[in-house]
Amino acid sequence: MARSHRKKMLKLRKTHRVLSGLFVCFLILIMIFLSMSSAFVFITYVFETKCRAEEEKITYLVKDYNVVRDDSDAASILEDYENDYMILDRNGNIISLSGSDTCLRNDKEHIAFTSTFFSYAISSNHYTMYPDTENLLIDTSEEECPVLVDFNYINDGKKVDIQSGEDIRIPYWLEIPVREGEQTLLIRCELTVKFMELMFFIVFMGVISLILIIIIAAFVINYIRESIDKTRLKKLVFMDPISNDHNWMYFLIEGEARLKKARPSVKYAVVSLVFVKYRNFVLCHSIEEGEEKLSDVFRLLDGETDDQEIASHTGSSNFALLLKYEDKDSLEKRLWDIIEKLGKTDDHHHFNFHAGVVLLEDAASGKKFKLSNVDLDREYNNACNARIAGEDNDDSSVYFFDEKLVEDQKWIDSVHESQEKAVENEEFKVYYQPKYDPRTDELRGAEALIRWISPEFGFVPPGKFIPIFEQNGFITEIDHYMLRHVAKDQKKWLDEGYECVPVSVNISRAHFIENDLADQIRKIVEDEGCPTSLIEIELTESAFFDDKKAMLNTISKLQSFGFAVSMDDFGSGYSSLNSLKDLPLDVLKLDSGFFRDISTDGRGEIVVSEAIRLAKNLNMKIVAEGVEVKEQVDFLASEGCDMIQGYYYAKPMPGEEYLDKMVRNGIPEREEPTPEEKGADENEQNSPEAE
Ligand code: C2E
Ligand code: CA
Ligand code: CA
């Protein structure tokens with residue numbers, strides 16, 4: 001989600017830049033096109049019409065000149081024309097010349113013509129045209145016959161003077177071969193642009209400029225408006241309404257931008273920080289006070305970070321930090337200092353915070369690490385996962401993310417992905433662990449224990465998936481699945497004439513939020529046609545800390561339906577003596593912890609015998625779990641323990657094997673555990689290979 005938002009933001013930025021760029025280019029092109037076309041229109045108009053008219057006049061003059069052979073007549077024709085001119089022979093010698101604007105320099109004569117106003121040369125239809133900036137250099141050293149040496153560019157500094165209201169005259173020279181190429185006539189012409197024509201051009205250019213100004217103004221207004229919109233949008237996207245400052249998007253986009261710019265020698269860490277029991281605070285105070293607290297927390301975090309670091313409020317009671325660090329220990333110390341300061345932001349309360357940390361370099365171990373490649377979204381998620389490790393406790397905590405956490409998370413994900421299919425494909429198997437009377441060695445009952453035999457993961461012990469199902473809620477489905485299969489097996493064995501004993505099924509505490517739990521259990525069992533007396537419900541000790549009233553209600557209902565109810569893992573950590581007082585349970589299961597370390601001073605035995613006595617006095621049956629050695633069996637038998645469930649008698653086994661035990665009418669085959677088995681891991685012991 002955040003990733004797609006981030007992409008959209010970046011795309012928006014890029015598109016905005018690309019569109020503005022394209023628009024500017026488009027405008028510049030239009031401007032160039034308009035100016036060039038108007039200049040072209042003007043120049044074409046002036047030269048095509050004006051020069052052609054002048055040329056035509058000259059053409060008549062040249063015709064007359066060609067006809068007349070007498071030099072003085074020819075001269076008078078040219079004189080009549082009243083323009084400056086020059087006649088050259090084949091060798092470039094000047095035959096005659098006339099011009100007012102001439103000057104002499106050293107021994108060379110320059111005919112310097114007016115201005116440098118216009119430097120444009122075109123080839124007209126018949127004649128060569130020179131701009132007026134070209135001055136003619138004549139060699140006068142040989143007195144009788146000056147020679148045209150070259151067209152030299154000599155600027156005499158005069159300019160065309162444009163007086164308002166007057167026509168503009170631009171002089172230029174035409175070179176015309178005359179008398180069949182015998183001579184060359186160079187004649188000075190003038191291009192006259194009428195004042196009105198000039199005005200028309202000025203107005204024309206004015207209109208074009210106005211259009212351009214309007215377009216540019218529209219662009220500028222549009223640009224300003226877009227910039228304002230962009231700022232507003234940025235504020236909207238990057239601003240958190242509670243802290244009035246950085247939010248999650250800001251953390252993602254700005255954080256990655258900063259990491260890209262960061263020097264490679266600087267190390268960064270991503271931190272997920274959460275306000276513990278924020279909801280409780282809001283409940284006891286008000287939403288406004290809660291939000292004020294969150295804002296205070298943000299201010300403090302913001303004050304603790306420098307301008308290369310980021311603090312942001314990512315939503316609810318969560319904060320994200322991007323921090324620089326030197327080494328893990330100093331970072332941890334810094335975080336504890338921050339948490340301590342945060343805890344004291346209120347005079348009347350002390351607040352706790354859970355922090356999860358990802359050291360970016362560690363997160364990328366194995367790969368070539370580059371800060372610019374960091375995916376902050378993923379790393380923040382990892383920091384959250386690290387943080388969750390401390391969430392069982394309400395005290396403040398700081399946890400660092402490591403590879404084991406990644407592996408655990410991957411396993412959790414794969415379990416989550418395969419759980420439904422595993423139920424569909426009946427990959428979960430019911431194993432039965434028999435319970436025996438230690439005085440008579442007779443089969444008295446069994447506990448149904450789940451095993452996952454997965455084509456993908458192989459044999460998976462319950463410790464590897466039951467806690468995951470408890471977390472993701474799938475445990476409800478699993479417990480129903482087990483209940484249904486046990487009820488089905490019991491019904492089948494009953495029908496086949498076996499002497500069935502009650503089988504206990506574990507029901508997770510997660511179920512106790514459902515107030516029709518007892519009805520659900522009854523329905524499942526009865527639907528399979530199994531008598532309720534053959535099913536016992538095991539509730540773990542920790543479940544008794546939940547709502548007592550609801551618990552009592554469910555237990556009474558189950559008992560009224562004919563089920564026996566047992567308290568599992570009694571003595572495993574939580575003190576549930578109180579629950580024993582309030583709840584009318586049928587069976588007490590002593591936790592295997594009592595029998596794990598055989599005490600030498602007899603204290604353990606005292607506790608066990610007192611627990612047995614307590615159960616007897618409360619009219620409860622007592623089952624000892626995890627019993628592995630004969631001395632313990634003998635001791636438990638002497639103390640009046642009703643049943644033993646442990647490796648001394650039997651490990652959990654598939655239904656067919658368990659059936660064998662029943663056929664033999666409860667006389668068990670003794671299984672002395674080997675020394676390896678005694679100390680070996682529970683999971684290994686339960687694998688089919690081990691069994
Ligand atoms: P639990 O309910 O306390 O089950 C007893 C565990 O002790 C079983 O482990 C059993 O194999 C083991 N055990 C029994 N006797 C001995 C012994 O003499 N020595 C040793 N070392 N271990 C012994 P298991 O089958 O691995 O189950 C572990 C836990 O997983 C169970 O503890 C229970 O909390 C949970 N579980 C198993 N099946 C289910 C189920 O179907 N539903 C639910 N909700 N939880 C289940
Ligand atoms: Ca159990
Ligand atoms: Ca147990």
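Read the figures in this text as sums done on the coordinates, not as results from a lab. Since we're looking at a predicted model, the values are computed, not measured. Every residue, glycine as well, gets a Cβ built from its backbone with ideal geometry; the counts of neighbours run over all protein chains shown.
Here are some notes:
- Inter-label distance for GLU292 and GLU417, nm, one decimal - labels placed 7 Å from Cα along Cα-to-Cβ: 4.9 nm
- Per the Debye calculation on region 593-651 with a single equal scatterer at every Cα and no solvent contribution, log₁₀ I(q)/I(0) for q = 0.14 Å⁻¹ amounts to -0.34.
- For the pair region 395-447 / region 472-487, the C-alpha centres are spaced 12 Å from each other.
- For the listed peptides 77-89, 193-205, 427-439, a ranking on the average number of other beta carbons within 10 Å per residue, highest first, reads 427-439, 77-89, 193-205.
- Protection proxy ranking of 466-479, 606-619, by the mean of other Cβ atoms within 10 Å over each peptide's residues and highest first, is 466-479, 606-619.
- Pairs from LYS557/LYS651; LYS261/LYS344; LYS410/LYS557; LYS435/LYS616; LYS581/LYS630 whose Cα-Cα separation, in the structure shown, is over 30 Å: LYS557/LYS651; LYS261/LYS344; LYS410/LYS557; LYS581/LYS630
- Derived from the Cα gyration tensor, the three semi-axes of the equivalent ellipsoid of region 357-479 are 39, 18, 13 Å, largest first.
- The Cα center of region 608-627 and the Cα center of region 59-84 differ in position by 146 Å.
- Our analysis of region 263-362 gives Rg over Rh at 1.00, with the two radii drawn from alpha carbon positions and Rh computed by the Kirkwood formula.
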